[in-house]
1. Hey, could you pull the Cα Rg and Dmax for region 1-159, both in Å?
2. Assuming 0.36 nm per residue, please report the length gained on full extension of the stretch His215 to Ala187 beyond their Cα-Cα distance.
3. List the residues, sorted by chain then number, that are 5 or more residues from Ile228 or on another chain and whose placed amide H is less than 5 Å from its amide H.
4. Around Glu20, what is the net charge, scoring Lys/Arg as +1 and Asp/Glu as -1 over all other residues with Cβ under 13 Å from its Cβ?
5. Output the direction-averaged projected area (hull surface divided by four) of the convex hull of the alpha-carbon atoms of region 52-103, in nm².
6. If I take R0 = 22 Å and measure r between the Cβ atoms of Tyr32 and Ser57 in this structure, what FRET efficiency does the formula 1/(1 + (r/R0)^6) give, to the nearest 0.05?
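Computed from the coordinates by the stated procedures, all read-outs in this text should not be read as laboratory data. Being a predicted model, the structure only gives us computed values, none of them experimental. When we count neighbours, we look across all protein chains shown, and the Cβ atoms used for this are built from the backbone with ideal geometry, even at glycine.
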Amino acid sequence: MSEMSAQREIDRSHMQVSDEVAIQITHMNKWYGTFHVLRDINLSVHRGERIVIAGPSGSGKSTLIRCINRLEEHQSGEIIVDGTELSSDLKNIDKIRSEVGMVFQHFNLFPHLTILENCTLAPIWVRKVPRKEAVETAMHFLEKVKIPEQANKYPGQLSGGQQQRVAIARSLCMKPRIMLFDEPTSALDPEMIKEVLDTMVELAEEGMTMLCVTHEMGFARQVANRVIFMDQGQIVEQNEPEEFFNNPQHERTKLFLSQIL
Ligand code: ADP
Ligand code: MG
């Protein structure tokens, strides 16, 4: 387990959580066929919150965050993102997708496009941003993730850590208000994990609302204001990081922590 990110001191004092609700999930259930994968999920996320979602493999973490940007559909209950209820109304889905960025374990960059083209494609074609402005924005975010010099290379020419930082920059180019991360560092070699976590820490410091599925408990302690523990499709327990790690309440949480820490 990597504690590397903890080496960087961060000032949490300005990492304020707003009263405004960014995501509201109430009594949400989802099935894959007859398999009840998410059970009565209730979750309120305020703007500026940084939530780490932990739990054993198969507990429904990916499915939960994929429901938040409608990559998966839920069957009952309610999910409201930025005031918009996720329903089968396609207009709403477009709005949500433009406001919620997502970064996956496998970077999912387009291999035949340059780094710059990966970052400008959606802004130009989905958002109708003029090309010049899209390029400026892309370069701004590539600088932010510290790889502007790679702009004209192809994904295959970059390391895994660099590709993941491009994936983060690409998401940011759509100016999302919420970022979802699904195990963004678990496909990376250990020496590349820190550079990706550092990028995520910076985003957190700037007040981005973030939900991160990760096993990086150092990251959770450092930036999360809440850790959510899932098991068998349910939110079993949630707490601020210190309480979560030092004083877990449920047997399943204790077992999980004993296996990963
Ligand atoms: P986690 O991310 O916590 O490992 P997932 O959300 O990926 O868990 O999966 C939760 C459960 O749902 C697992 O049992 C998995 O096998 C099952 N599952 C995931 N995706 C599908 C799918 N598309 N169809 C059927 N079952 C699925
Ligand atoms: Mg998963």
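1. Calculated on Cα positions, Rg and Dmax stand at 18.5, 49 Å.
2. That works out to 8.9 nm of additional length.
3. Val52, Ile53, Ala54
4. Local charge sum for Glu20: -1.
5. Computed as one quarter of the Cα hull surface, the answer is 4.1 nm².
6. About 0.90, to the nearest 0.05.
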